[in-house]
Amino acid sequence: MGRLQRRVSLLVLLMLMAQAGHAQYVRLSAWAMQAGFNPAAVSSADALFLNPAALMNAGVTGPRLRLMEVGGWLGGSLVRFDLYNQYLTGGRHLTSADVDQMLDAWFGDAKAWRTVGEVVEITPLALTYTGWWSAWGVAWRVRQQQRLWTNRGVLDVLLKGTEEPRTLPVNGEFRSMTYHELVVGYARKLNPDLIVGIAPRLLLGSHYVGGVMRSMVSIKEDEIQHRYTYTLDLTGATETLLEGFDLFDNPKLNGIDQWAVGRQMAGLRQLGWGAGLALGVQYRLLPGLLFGVSLTDLGFLRWKRVRRYTPRDSVFTFAGVQLDVERLRTEFNSDLGAYVEHQLDSLARAAYEEVNVQEAGVITLLPATVHLGTTYWIGGATRLHAALSLGVNRAGVNARAPQLVLGAETRLAVLPLFGGMVAGGDGALMFYGGTGLQVRTWGIRVAAAGTPRSYLMGSGARFMLMVSLMHIGF
């Protein structure tokens, strides 16, 4: 009997804590960063980045503090585990027909791009305050973004070699940058059902790398010719890395303090500046139906003291290695492999090693995206979500590909639960889910997402992880 009473008492206590914290509930379905979220479902610190009008969504008046939230995204249309396992594992010998079949499934035609990237976002501190008719917030966020674009040309040359004469484009792009955001947001009710918000931000860049290559490879019976042009832009720590890197003498990297370089890339050293803006609107169509629209990451970064590298030559032609028997015997001790490697290095140095260097200014765009979303309360703490996101430029993880997010969330005592699916964008179908702990005005949360099959309703695997260590209401 005593054990039963204790269980009943514990259940009642949990229900009371859940009710007391219900108004402070953080809407966990909004965590998906650039990859898609519901502008009608966010609140509190999330609203500063995703829909500033939702600063009014806290449910109660007063301040709220968030400490140390970390989120990460990895993947893209280039990540095809199914094709890799089918063609490139198990020691399988690939014929030209096999390679063409694989690349057709992976890329399509020679002009099509496939991408892979990663995004890491850390919010050390965010403070918001909600009143009856207005709300405001401030936050500091650090963002690190990397992305690679490529066509099928590189894999075609590597896997088919010189088996058949052909001419094909070999193109690629790469961009990596780290910057800090200092955000101020404000929201106001225009009437009981309509809220508007704005969140300008100052951007401080600490690391940037950008590279673009356009080239044509012609493979003939008696020679290989590579006609190319490229630009490589570097700032700060990445320039230090390049000075220690030699394509033909990798051990030179050993003299670089790579830990110091890493700290510099993530630090507050200002190598660029910029400005950004987020705009949002929320409207209550019915007592249980909320509609939201937002434009996020509208802005730019201007990088200063960028060193731009361009090639002095534009053509590399290889017609075979000339065999000098006397030199092979005297200089290489009859080691044919070392002799061939030296000849190839010499040819490559002559074509690729000499570069022009100049200082340039570079402007990069933020991943501007438009989001439309709706939330419907079906009773208690249970809600359904639907949202559509569309990139304005190609800087985001989904470029200009539209993405649909469907989900639901509920609450069991102090445990909020949510889950759903993400379709479209630059990848295959992805499922997400998460939980947390909400005790009165204190809470934590964790969420994850992944692609079960890299070919299911799209192309490319994607994965996400988010952890929020603490959010507190006062």
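The values are calculated or read from the model by the stated rules, or taken from the named source; none is laboratory data. In this text the structure is predicted, and so the values were computed from the model without any measurement. Cβ placement follows ideal geometry from the backbone for every residue including glycine, while neighbour counts extend to all protein chains displayed.
Taking ASP233, is it of a type outside the set (Phe, Trp, Tyr) and over 31 Å from the mean Cα position of the chain (by Cα)? Give the derivation first.
Numbers: of a type outside the set (Phe, Trp, Tyr): yes; over 31 Å from the mean Cα position of the chain (by Cα): no.
Answer is no for this residue.
Take segment 280-321 and flag every residue that is within 32 Å of the chain's Cα centre (by Cα), of a type in the set (Val, Ile, Thr) and farther than 30 Å from VAL209 by Cβ.
Matches in segment 280-321: VAL281, VAL293.
If a residue must be under 30 Å from THR150 (Cα atoms) and polar (S, T, N, Q), how many such residues does segment 174-199 contain?
We begin by selecting, within segment 174-199, every residue under 30 Å from THR150 (Cα atoms); these are 174-181.
Imposing the further condition that a residue be polar (S, T, N, Q) reduces the set to 176, 178.
Matching residues across segment 174-199 total 2.
Is there a residue in segment 446-453 that is at pLDDT below 85 and closer than 30 Å to HIS207 by Cα? Steps first, answer last, please.
Quick first cut of segment 446-453, residues at pLDDT below 85 only: none.
So far as segment 446-453 goes, no, none of its residues is at pLDDT below 85 and closer than 30 Å to HIS207 by Cα.
Step by step: first the residues of segment 56-77, then only those that are surrounded by 16 or more Cβ atoms within 10 Å (Cβ to Cβ) and touching a Ser or Thr at 6+ places or on another chain (Cβ under 6 Å), then the one that is farthest from GLY108 (Cα to Cα). Which residue is that?
My answer is ARG64.
Sort out which residues of segment 86-132 are in contact with an Asp or Glu (Cβ under 7 Å, 6 or more places away or on another chain) and free of Cβ contacts under 8 Å to residues at least 40 places away in the same chain, and write them in order of number.
Once the filter is applied, which keeps residues that are in contact with an Asp or Glu (Cβ under 7 Å, 6 or more places away or on another chain) and free of Cβ contacts under 8 Å to residues at least 40 places away in the same chain, segment 86-132 yields only TYR87.
Taking THR330 as meeting all but one of (1) β-branched (Val, Ile, Thr); (2) modelled with pLDDT under 70; (3) in a helix (DSSP H, G or I), write down the number of the exception.
Unmet condition: (2).
Quick test for you: out of ARG92, ARG27, ARG6, pick the one residue that is at pLDDT below 55 and surrounded by fewer than 15 Cβ atoms within 10 Å (Cβ to Cβ).
Working: ARG92 fails: at pLDDT below 55; ARG27 fails: surrounded by fewer than 15 Cβ atoms within 10 Å (Cβ to Cβ).
On inspection, the qualifying residue turns out to be ARG6.
Cβ-Cβ distance below 8 Å, separation of 6 or more or different chains: which pairs start in segment 356-376 with a residue that is in a loop (DSSP other than H, G, I, E, B) and small (Gly, Ala, Ser) and end on one that is surrounded by 12 or more Cβ atoms within 10 Å (Cβ to Cβ) and at pLDDT below 90?
Final answer for the pair search is ALA368/GLY391; ALA368/VAL392; ALA368/ASN393; ALA368/ALA395; ALA368/GLY396.
For segment 194-221, enumerate the residues that are among the hydrophobic types (A, V, I, L, M, F, W, C) and farther than 30 Å from LEU285 by Cβ. Show your work before the answer.
Within segment 194-221, the subset among the hydrophobic types (A, V, I, L, M, F, W, C) is 194-196, 198-199, 202-204, 209, 212-213, 216-217, 219.
Scanning segment 194-221 gives LEU202, LEU203, LEU204, VAL209, VAL212, MET213, MET216, VAL217, ILE219.
Applying the selection to segment 429-446, what residues are more than 26 Å from the chain's Cα centre (by Cα) and in contact (Cβ under 8 Å) with a residue 24 or more places away in the chain?
Restricting attention to segment 429-446, the residues satisfying the condition of being more than 26 Å from the chain's Cα centre (by Cα) are 437-443.
Correct list: GLN438, VAL439, ARG440, THR441, TRP442, GLY443.
A quick yes/no check of all residues on (1) buried (at least 22 other Cβ atoms within 10 Å of the Cβ); (2) within 15 Å of GLY76 (Cα to Cα):
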| site | (1), (2) |
| --- | --- |
| GLY436 | no, no |
| VAL439 | no, no |
| ALA448 | no, no |
| PRO452 | no, yes |
| LEU456 | no, yes |
| ALA461 | yes, yes |
| SER468 | yes, no |
| HIS471 | yes, no |
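Are any of the residues in segment 34-44 closer than 24 Å to GLY391 by Cβ, under 25 Å from the mean Cα position of the chain (by Cα), outside any loop (DSSP other than H, G, I, E, B) and at pLDDT 65 or above?
The answer is no, given that none of the residues of segment 34-44 is closer than 24 Å to GLY391 by Cβ, under 25 Å from the mean Cα position of the chain (by Cα), outside any loop (DSSP other than H, G, I, E, B) and at pLDDT 65 or above.
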